[in-house]
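In what follows, a single structure is set out as structure tokens and then discussed.
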Amino acid sequence: MHIKIINKSTHSLPSYETLASAGMDLRANLQEPITLKPLERTIVKTGLFIELPIGYEAQVRPRSGLAAKKGVTVLNAPGTVDADYRGEIGVILINLSHEDFIIENGERIAQLIIAKHERAEWIEVKELSETKRGEGGFGSTGTN
């Protein structure tokens, strides 16, 4: 699949780190470092602008290492970049740790996954088919 991209950052284009990687790392495009205090959130710009085909979205997801090691994650995970959006990709980061986190220019802050999606058409009915699970939710299938 080919996707048009404008790169106004000083960094290389996002790329897959391994043959089997689902996501490409997004890098912070900053003039100066940002200090993210505990429980603080901010939008970090990437300098990237994309044109997705209709029927696809770009999902902005946390980087597992950043979340596990530093407590920094994507607040609206996964964030969605729609096919008709032409603005700069920004990443909403939140610091869930007890320590300040400094975001440096070029730091890998999130990952981007390109995903196909369907558009749904609602069919309003009076009842739904029955299943064994029924209305059970939020842990109804067990915790083990």
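The values are calculated or read from the model by the stated rules, or taken from the named source; none is laboratory data. This structure is a prediction, so every number in the text was calculated from the model and none was measured. Glycine also receives a Cβ, built like all others from the backbone with ideal geometry; neighbour counts cover every protein chain displayed.
On inspection, ALA67 fails the criterion of being small (Gly, Ala, Ser), over 22 Å from SER21 (Cα atoms) and outside any strand (DSSP E or B).
Closer than 26 Å to GLU118 by Cα, of a type in the set (S, T, N, Q) and assigned to a strand (DSSP E or B): does that describe THR80? Considered against the rule, which asks whether it is closer than 26 Å to GLU118 by Cα, of a type in the set (S, T, N, Q) and assigned to a strand (DSSP E or B), THR80 comes out as yes.
Taken as a whole, the structure leaves LYS8 outside the set of residues that are closer than 12 Å to ILE103 by Cβ and either in contact with a Phe, Trp or Tyr (Cβ under 9 Å, 6 or more places away or on another chain) or loosely packed, with under 13 Cβ neighbours inside 10 Å (or both).
Of all positions in the stretch 7-26, none carries a residue that is more than 30 Å from ARG119 (Cα to Cα) and in a strand (DSSP E or B). Within the stretch 82-114, being among the hydrophobic types (A, V, I, L, M, F, W, C), farther than 15 Å from LEU26 by Cα, surrounded by 14 or more Cβ atoms within 10 Å (Cβ to Cβ) and in contact (Cβ under 8 Å) with a residue 40 or more places away in the chain holds for ILE94, LEU96, PHE101.
Residues checked against (1) at pLDDT 95 or above; (2) out of contact with any strand residue (DSSP E or B) (no Cβ under 6 Å at 6 or more places or on another chain); (3) outside any loop (DSSP other than H, G, I, E, B); (4) not hydroxyl-bearing (Ser, Thr, Tyr):
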site: LEU39; (1), (2), (3), (4): yes, yes, no, yes
site: ILE54; (1), (2), (3), (4): yes, yes, no, yes
site: ILE92; (1), (2), (3), (4): yes, no, yes, yes
site: LEU112; (1), (2), (3), (4): yes, no, yes, yes
site: SER140; (1), (2), (3), (4): no, yes, no, no
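Taking the criterion of being surrounded by 10 or more Cβ atoms within 10 Å (Cβ to Cβ) and under 25 Å from ALA83 (Cα atoms), the only residue of the stretch 116-141 that qualifies is HIS117. Is at least one residue of the stretch 73-85 within 21 Å of ILE5 (Cα to Cα), out of contact with any Cys (no Cβ under 9 Å at 6 or more places or on another chain) and of a type in the set (Phe, Trp, Tyr)? Yes; the residues of the stretch 73-85 include at least one that is within 21 Å of ILE5 (Cα to Cα), out of contact with any Cys (no Cβ under 9 Å at 6 or more places or on another chain) and of a type in the set (Phe, Trp, Tyr).
Looking only at residues of the stretch 41-53 that are β-branched (Val, Ile, Thr) and under 15 Å from ILE5 (Cα atoms), we find that the one that is surrounded by the most Cβ atoms within 10 Å (Cβ to Cβ) is THR46.
Would you check if GLU40 is acidic (Asp, Glu) and within 21 Å of ILE114 (Cα to Cα)? So GLU40 fails the test.
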